[in-house]
Amino acid sequence: MPLATHPSDSPDRMTLSQGWQEHVPVDGTVELPPDRRALDGLGRNHSLRTALADLVDNSIDAEASHVLIRFIRKDGQLCGLYVVDNGKGMTAAGIDVAMTLGGRREYAATDLGSFGVGLKAASFSNAKLITVLSWAAGHAPVGRRLEADPNKRGFHCDVVTEAFAKAELSRRWGIPWSGTGTVVRWDEVFGFPATDDPLRVEEFITRSMTEIISHLGLIMHRIIEKGRIEIFLDVEDVDQDLVGPRSRVDAIDPFGYAKPGKTGYPKELLSRHENLPVVFKCHIWPPRSRIPEFNLVTGAEKHQGLFFYRRGRLLQAGGSWDGVSVPARERQLARVEVDIDGLPPALVAMNPEKSRVQVGPDFALLAASAAAADGTTFADYLTDAEERFRASRKRRRARKAMIPPGKGFAPQLKGAIRDEIPMQDHQVPITMRWTRFDRAHRDDFFRVDRADRVLWLNERFRPLAKSGRRGSNDAALLKSLLYLLMEQAFTGEYLGVRDRDNIELWQEILSMAAKVDEGE
């Protein structure tokens, strides 16, 4: 209701019958437990891979050395998922805290957990039923189950029988086992395809496992590199009582280049916030790198910016400069490591899903004031990264255009060549093929077919791949060298004297080198 005023009163002269009071009086308390429907909102920002990452965090906090993520397939359909670890396990009291919404255990200084909602949020973001089974040293196996059912009242948790908990924990999980550990089981998983079509199910499994392996390999790369955890994925077909091939999560270091893109980097720029040191470790990647560590999930340009870490775990894999700068094509070589351990939440804080950070208003000013021992500022660093990118593009434009590579070249090799050299895309590509040369030419290393633009290679000198198998796109190193050496032999309407002389020279030297390798 609007405040009553006298007609002659103006807003400036209006007064209240009682002024503002500093203290609010209270008269007792009432308990207001959360509505059961609060479970519906848990984990809304989680994807399958970020949810599983949260569960792996719990395994790492439990001092597990191995974690297994297993998809369950029954009657052709995916129906469940397990996350199994060989950590120290939980007692009955510990598992009750773990299953309590907002349950806050005591967190060690190195623990990855923080909010007390990770297990529930991660699980209910993907499944209707979650079951947690655990076995701690000196205690009996215990189990609890929660269901995201809006028809249930209160936060009652089912107690799983000890026999079932023991049976699940004792299954042949294929990880080192010393009698303690934890199993998290998801049933009625939302995101699984509702079909038993083998092609669609296999496609989903392949895509999901690839995304999970890439994500975990990236955000856990420091922890994996230190040997603290090994993570595996597989699929169990319960109808056939078979477990498929196991995939391993390897570290993907977003700063894992062999040589920096600019001399003098990486550089550590130091600033201070309330006497706390804040270090910005600034990297410049070598341009046009094609390794997974550079391109990551969505391409290098989308992963420029700040990489925030907490306790060795990556929270944010670039994608933003958080007010320090703005994303730009010219800055795609620039990546900055920032460890937030010990920094106040007002400056930088992670979200509950541990997938992003929120910076405070002072963060950008802090970065702007940071400097390296040699005086380099953040603005200088960005300028260096941009100039390195532009120089690489300028050098490429100055190179002579070449006939593109065609069949016989691995896709990655074709891409690398195109990144470095302008292509004459109107020209028929150069093909490289292996064949058996007749007796008269058995010692020749190659044969040039200018009419069909094919470089025939002598099968006799074909190198054996490490895998022991050969394919049409094999011998990438050899083919790339031959392409760079002989592309000019396919240009022009005819071979000049110098071209023919060069081909004879290369033929003699390459043939002799191949014979030496054969031991002749």
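The values are calculated or read from the model by the stated rules, or taken from the named source; none is laboratory data. All values reported here derive from a predicted model rather than from experimental measurement. Cβ coordinates were reconstructed from backbone atoms using ideal geometry, including for glycine residues, and neighbour counts include every protein chain displayed. These area figures cover heavy atoms from the full protein model, side chains too; ligands, DNA and RNA do not enter into them. Shrake-Rupley method; radii C 1.70, N 1.55, O 1.52, S 1.80 Å.
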- Charge sum, other residues only, whose C-beta stays under 11 Å from residue 174's C-beta, Lys/Arg counted +1 and Asp/Glu -1: +2
- Check cross-link reach from residue 166 to the lysines: straight Cα distance under 27 Å, and skip same-chain residues fewer than eight apart. 74, 88, 120, 128
- Message: Let me see the P(r) profile for region 322-413: every Cα-Cα distance counted, bins of 10 Å, each bin given as a percent of all pairs.
- Response: 12, 30, 27, 15, 13, 3
- Task: Determine the order of 20, 173 by accessible area, beginning with the largest, at a probe radius of 1.4 Å.
- Result: 20, 173
- Message: Can you give me the C-alpha center-to-center distance between region 492-520 and region 159-221, rounded to a whole angstrom?
- Response: 56 Å
- With only helices counted (DSSP H, runs n ≥ 4, each -39500 (n - 2.57)), the per-residue ellipticity at 222 nm for the chain, to the nearest 500, works out to -8000 deg cm²/dmol
- Task: Treat each spin label as a single point 7 Å out from the Cα along the C-beta direction, and report the residue 356 to residue 391 distance in nm.
- Result: 3.6 nm
- Message: Can you tell me the mean projection area, over all orientations, of the convex hull of region 118-213's alpha carbons? Units nm², please.
- Response: 8.4 nm²
- Where a Cα-Cα gap under 13 Å defines reach, which aspartates and glutamates qualify for residue 479, not counting those fewer than 8 residues away within the same chain? 487
- Message: Just to confirm a number: summing +1 for Lys and Arg and -1 for Asp and Glu over residues other than residue 320 whose beta-carbon lies under 13 angstrom from that of residue 320, what do you get?
- Response: +2
- Query: What is the helix-to-structure angle for 378-398, meaning the angle in degrees between its Cα long axis and the longest Cα principal axis of the chain, kept from 0 to 90 and rounded to the nearest 10?
  - Reply: 30 degrees
- Query: With every protein chain present, what accessible area does residue 207 have (1.4 Å probe, heavy atoms only), rounded to the nearest 10 Å²?
  - Reply: 110 Å²
- Two-decimal Rg/Rh across region 397-470, once Rg and the Kirkwood Rh are taken from alpha-carbon atoms: 1.04
- Note on the structure: Of 489-498, 121-130, 366-375, ordering from highest average Cβ density within 10 Å down gives 121-130, 366-375, 489-498
- Message: With bins 20 Å wide starting at 0, give me the P(r) of the chain over every alpha carbon pair, in whole percents.
- Response: 17, 37, 31, 12, 2, 1
- Item | Calculated P(r) tail over 17 Å for region 162-207, as whole % of Cα pairs | 54 percent
- HN-Hα J in Hz across region 503-515 - Karplus 6.51, -1.76, 1.60, θ = phi - 60°, x for Gly and Pro: 4, 4, 4, 5, 4, 4, 5, 5, 5, 5, 4, 5, 5
- Task: List the extent of the Cα atoms of region 428-479 along each of their three principal axes, largest first, rounded to whole Å.
- Result: 34, 30, 14
- Query: For region 271-384, what does the alpha-carbon gyration tensor say about shape, rounded, prolate or oblate, given a ≥ b ≥ c as the root eigenvalues, a/c under 1.5 as rounded, and a/b over b/c as prolate?
  - Reply: oblate
- Query: What ranking, highest mean first, results for peptides 216-225, 439-448 when packing means the other Cβ atoms within 10 Å averaged over each residue?
  - Reply: 216-225, 439-448
- Message: Quick check: convex hull over the Cα atoms of region 172-309, volume per residue in Å³, rounded to an integer?
- Response: 206 Å³
- Counting residues in region 365-520 as N, plug N into 2.2 N^0.38 Å and put the Cα Rg over that result. 1.44
- Task: Send over a whole-number figure in Å² for the accessible area per residue of region 421-520, probe 1.4 Å.
- Result: 65 Å²
- Give the peptides 62-68, 450-456 in descending order of average Cβ contacts within 10 Å, highest first. 62-68, 450-456
